[in-house]
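Below: one structure, written as structure tokens.
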Amino acid sequence: MTTIAARLRRLGTEAGFAGIRIDRVWGAMLAILLAVAVLDPEQAGSSLRFVVDALVSTAPYLAASIAIAAYAGATGADALVARAFSGRIGAMIFLAALFGGLSPFCSCGVIPLIAALLAMGVPLAPVMAFWLASPVIDPAQFVLTAGTIGTEFAVAKTAAAVGLGLFGGFGTLWLGRAGFLSDPLRPGVGNGGCGGAKMRNPKPPVWAFWNEPERIAKFRAEGMKATLFLVKWLALAFLLESLMLVWLPAETVAAAVGGEGLWPIVVATLVGVPAYLNGYAALPLVSGLMAQGMAPGAGLSFLVAGGVSSLPAAIAVFALVKRPVFALYLGFALSGSLIAGIAFQAIQ
């Protein structure tokens, strides 16, 4: 995708010395690894293995999404996708929130898809709806939640995911129409640049792109650029995740949100937003706390907030949108998770 290439050039602020140009994301990862190697050499090796293993496990999602994005760019079909999302924003928000809440995508697997949608010029509102809903739950996690905490809680978590998506999607739409998000994406991503041109002047796609050497070259180039863009941000996310899991144990975070009443729900939300917890690992911890008296609403708020604001999801947002939109994303995660917890607690 040409827009991702432009994004790569802008996000890749290079530090030039001795004729070497270093992308700032790779530079940050190298600096972190060197610092950890000095403080805890064993942990540096463990973190590096964690990053490699996580990238390998995410590879199928990356490969499929990058291939689709490169194919769309080479054939010109990305213009049709962007066009299909135009003029029906309300319906798209509903569909995006529903699909996000029911889809099997985790916060890592959804990143390539979101990057492709934004690069194709899909409006931010339905993308925000999908982005907020998708990391909260998936079919496998629904079954595990029902088995560890209960079916009612699993249904509530699914409803919270869809509701959070609708809340963020329509909130983004309203703010955009009010003029607060007139230019939400970073330069070179989404509706700006060639993405906007494709939406304004769509051309018939060439599905059999392999018959034209120029389109074959474009397919390869777009696939490579998209791969470099996505891999570096995912690698940074996984590196930070590995350190948080060691230095900020899940048990410590979860133990801070015990108790009953409204205040634990507020605390659970505040703790859940900045803290990363694997959705599957967090379930038995929350189940144990609830068995000891933790409010169900607090448990729901903690799981929803932690899922939405996980490092892979949050870093992906930061990489593709401007800082005010990133703050808006976290704001939706915070307020939406709090509302979901209070509502669930009220019906208990």
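The values are calculated or read from the model by the stated rules, or taken from the named source; none is laboratory data. Fair warning: this is a prediction, and the values are worked out from it, not measured in the lab. So basically every Cβ, Gly included, is an ideal-geometry build from the backbone, and we count neighbours across all protein chains shown.
Being in a helix (DSSP H, G or I), over 19 Å from the mean Cα position of the chain (by Cα) and modelled with pLDDT of 75 or more narrows it down to one of Leu330, Leu300, so name that one. Talk me through it step by step, then tell me what you get.
On the way: Leu330 fails: over 19 Å from the mean Cα position of the chain (by Cα).
Being in a helix (DSSP H, G or I), over 19 Å from the mean Cα position of the chain (by Cα) and modelled with pLDDT of 75 or more holds for just one of Leu330, Leu300, which is Leu300.
Would it be correct to say that Pro284 is within 30 Å of Gly150 (Cβ to Cβ), modelled with pLDDT under 75, assigned to a helix (DSSP H, G or I) and of a type outside the set (Phe, Trp, Tyr)?
Values: within 30 Å of Gly150 (Cβ to Cβ): yes; modelled with pLDDT under 75: yes; assigned to a helix (DSSP H, G or I): yes; of a type outside the set (Phe, Trp, Tyr): yes.
Spelling it out, Pro284 is indeed within 30 Å of Gly150 (Cβ to Cβ), modelled with pLDDT under 75, assigned to a helix (DSSP H, G or I) and of a type outside the set (Phe, Trp, Tyr).
Looking at Lys203, is it out of contact with any Lys or Arg (no Cβ under 9 Å at 6 or more places or on another chain) and at pLDDT 85 or above? The answer is no for Lys203.
Answer yes or no as to whether Arg7 is under 27 Å from Ile114 (Cα atoms) and modelled with pLDDT of 65 or more. Talk me through it step by step, then tell me what you get.
On the way: under 27 Å from Ile114 (Cα atoms): yes; modelled with pLDDT of 65 or more: no.
Considered against the rule, which asks whether it is under 27 Å from Ile114 (Cα atoms) and modelled with pLDDT of 65 or more, Arg7 comes out as no.
Go through region 303-312 and count every residue that is farther than 20 Å from Phe170 by Cα and either in a helix (DSSP H, G or I) or of a type in the set (D, E, K, R) (or both). Explain how you work it out, then say what you get.
Taking region 303-312 first, the residues farther than 20 Å from Phe170 by Cα are 303, 306-307, 310-312.
Checking the rest, the ones that are also either in a helix (DSSP H, G or I) or of a type in the set (D, E, K, R) (or both) come to 303, 306-307, 311-312.
Total meeting the criteria: 5.
Criterion applied to Ala97, Ala37 was being under 30 Å from Ala160 (Cβ atoms) and either at pLDDT 80 or above or surrounded by fewer than 20 Cβ atoms within 10 Å (Cβ to Cβ) (or both), and the one residue passing it is Ala97. Search region 136-158 for residues that are without any contact (Cβ under 8 Å) to a residue 12 or more places away in the chain and farther than 14 Å from Ala340 by Cα and pair each with any residue that is surrounded by 17 or more Cβ atoms within 10 Å (Cβ to Cβ) and of a type outside the set (Phe, Trp, Tyr) when their beta-carbon atoms are under 8 Å apart and the residues are at least 6 apart or on different chains. Every condition considered, the pairs that remain are Val143/Ala154; Ala146/Ala154. Taken across region 60-83, residues that are part of a loop (DSSP other than H, G, I, E, B), over 26 Å from Val304 (Cβ atoms) and modelled with pLDDT under 80 do occur, with at least one present.
Within region 102-126, being at pLDDT 85 or above and aliphatic (A, V, I, L, M) holds for one residue alone: Ala125.
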